[in-house]
Structure formats: structure tokens, C-alpha cells
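The values are calculated or read from the model by the stated rules, or taken from the named source; none is laboratory data. Predicted model only: the values in this text are computed from it and were never measured. Ideal geometry is used to build each Cβ from the backbone, glycine not excepted, and the neighbour counts take in all protein chains shown.
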Amino acid sequence: MFLAMSALEEAWPGEKWQALFTRYWPNYQRWYLSEGYLARPGYLSCVEALEAHMPELLPVYEQLCALSGGTDLAARFLSLYSPPPYLSGCSQMAWTRGRNALIRNYDYAPKLFDGIFLKTNWIRPVMAMSDCLWGALDGINADGLCLSLSFGGRKVYGKGFGVPLLLRYALETCTNGPEAVETLRRIPVHMQYNVTVLDSKGHYATVYLAPDRPAEVAYLSFATNHQHNVEWEDYARLSRTLERAQYLEHCLWNPHENFYTMLDKFFRPPLYHTDYLRGFGTLYTTVYHPNEGKAELLWPHRRKVYGFDEFEEQAYIVNLSEGVRGKFSA
């Protein structure tokens, strides 16, 4: 199983983003219309929702719409307002013992993954794993704010934004963890998600988001794929969310655990998955270092490091079938 990855830098949306749109739009269009053209909100509803909740992003949104050809359908999609439902796995932990780092495994189907790590400077400098062409699965900004998302384990969905755009907005407009938490709490989301937050001062939290109940702040440094309790039994069994959460909690309270031993565990069961054909394999591991302004993209036998001061644009292929690497060390 092979995964195509790219690291791209473009301060303001231009030719590089337009090329991404051209490449990925056919697949996103099929997904966006999967429930029918009329199932998605109209253009005016989408723009009004952005104006009401994320007005700072409007100049970027307008530029993206222009680069995409200015069509009604692309503009509606790019708003990410009430898109079709989607879900993924993921384990994530804010580590603050000895050093600050946000570690996460992203578990999903390889064929549905963009594989683009994007550095931008739209409102402030941001490095993030891109999703839906301008959203973020996880990322860091130049102030050291780090965020990552995981599905919250419940099938309910409603009116609200796709969570990758919430992460993008928080990274663009917030400077620290408490600001990000308040921002995430006030914006409507279309499905249930968990967002783990960490900043350079070691402030952390996990925000439980849902479309039908108020957002809740859990002062937990980790999240898997449920919130307080399991609410979708079949998915919980498939994703082993309870087992992963219990494992992370055990590691957190183990006095002998350090950053490197913890990172090593993200490459082993129950946190690391290889069921790619069923859409539940670990596609990448990211480690964000808020105090250094750096991001690491990791696989069992490959490591890429990106920083705000040093960012190399590149494309490469990752062999997901390679075996687990040895232990990490300083």
C-alpha cells in the first residue's frame, strides 16, 4: 500500500492552490453531490454562514472561489457549510511532561486522503495537513498553537461547518489555547468531533463538538473516537476507541513514560492500525512542537521535519506496508 505525499508552500492562494483544486475537484464534487444537488445549502446560505461565524476568512474564501472558476457548486463546497457526513479514526495526545508536543495518528482510507502538508500565510503563518482543499486535519501556527481533530463517535449530523474549516479558522485567528477553545465552542459544526488543543505555554484541552448540543470543554490531554461514553457501538468496536483511550490514559499516568517512549507507542497496537482496505489504517503520525515552531511527519521508516523558518517543498511516496521501526530516542 503506497501513499503519495506533498509538502507545498504558498503564502496567498495562487497557482499552486489552483493546481490542487484542478486535481482534487472531481473527487470532491462527487462526494459533495453524493446526496443530491438540493441536499446541500444554497450559495447565499453558505456565504451568510461564513460572514456570521468566520468573517476573517472571507477574503481567502473569495480568492479561492475565483481560482476555482467562480462556479456556484465550487463556492458552496468551499464554504464547507453543512457538507455530507464523513468520519475517520484518530488517536491524539498533548504531551506536556518535560516538553510540549501534540502527537496524533490519523486513521482513514488512503484513497480518500489528499496527502498535502501546506504552509500558508493567509492571516498568520500556518502549517497544516490539508483537507477539503483549505481545511485542516491538524496543524500549527507561528504563535505555537497546535490543533488536531478526531471523529466523536456519533452518527448525528445537522447544520454547521465541516470541522476541518473550524481548525483552519482557529489556527488563522487565535494565538493560544484558551482563545482557540472559545472559538471552537461558538461555531456550529455539522457532526460530532473532538478537537485537542495545545499551545507553547502547555495549555491543553479537548473540545467535544456536536451539532445538536452545546460544545463542552474536557480538560483532557488526549482523545480517540468517543466523548464521555460510547454512543455508536459498532463503530466503537471497529475503531477500538475505548481500548485506545484507556491505553493513552494509562500511559499518561505512568511516571516512567517520557516523550520518546510515548511517541514509540503511537507506532504500535492499539494506537497504530493497518486495516487500510477497510478504511481504518494509520496514514501518518504528526508531532507538533509548539515551542520550536516545527512539525514532524512520521511513518515507520520515514521522517520529515518542517519549520516556519525552514520548509522544503517536496513530493514523495510512502510505503505503508513497511514494518514498524525501532524505538525512538533523543
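A few remarks follow.
- In the range 185-197, the residues that are surrounded by 24 or more Cβ atoms within 10 Å (Cβ to Cβ) reach residues that are among the basic types (Lys, Arg) and in a strand (DSSP E or B) with C-beta atoms within less than 8 angstrom, at least six apart or across chains, in these pairs: 196/104.
- Members of the range 138-159 that are part of a loop (DSSP other than H, G, I, E, B), out of contact with any helix residue (DSSP H, G or I) (no Cβ under 9 Å at 6 or more places or on another chain) and over 26 Å from residue 96 (Cα atoms): 156, 158
- Enumeration of residues in the range 223-246 that are outside any loop (DSSP other than H, G, I, E, B) and either crowded, with 16+ Cβ neighbours inside 10 Å or at positive phi (or both): 223, 235, 236, 239, 241, 242, 244, 245
- Answer residue from the range 154-184, given it is in contact (Cβ under 8 Å) with a residue 40 or more places away in the chain and among the aliphatic types (A, V, I, L, M) and is farthest from residue 215 (Cα to Cα) among those: 171
- Some residue of the range 269-284 being of a type in the set (Phe, Trp, Tyr) and over 29 Å from residue 5 (Cβ atoms): no
- Taking (1) under 26 Å from residue 125 (Cβ atoms); (2) touching a residue at least 60 places away in the same chain (Cβ under 8 Å) in turn, residue 82 satisfies each apart from (1).
- Meets criteria (of a type outside the set (D, E, K, R), more than 19 Å from residue 14 (Cβ to Cβ) and buried (at least 16 other Cβ atoms within 10 Å of the Cβ)) for residue 50: yes
- When residue 271 is tested against (1) within 20 Å of residue 87 (Cα to Cα); (2) without any contact (Cβ under 8 Å) to a residue 12 or more places away in the chain; (3) of a type outside the set (Ser, Thr, Tyr); (4) part of a loop (DSSP other than H, G, I, E, B), exactly one condition is not met: (2).
- Only one entry in 312, 292, 257 is loosely packed, with under 13 Cβ neighbours inside 10 Å, in the same structural domain as residue 177 (by TED's automatic domain parsing), modelled with pLDDT of 95 or more and not in a helix (DSSP H, G or I), namely 312.
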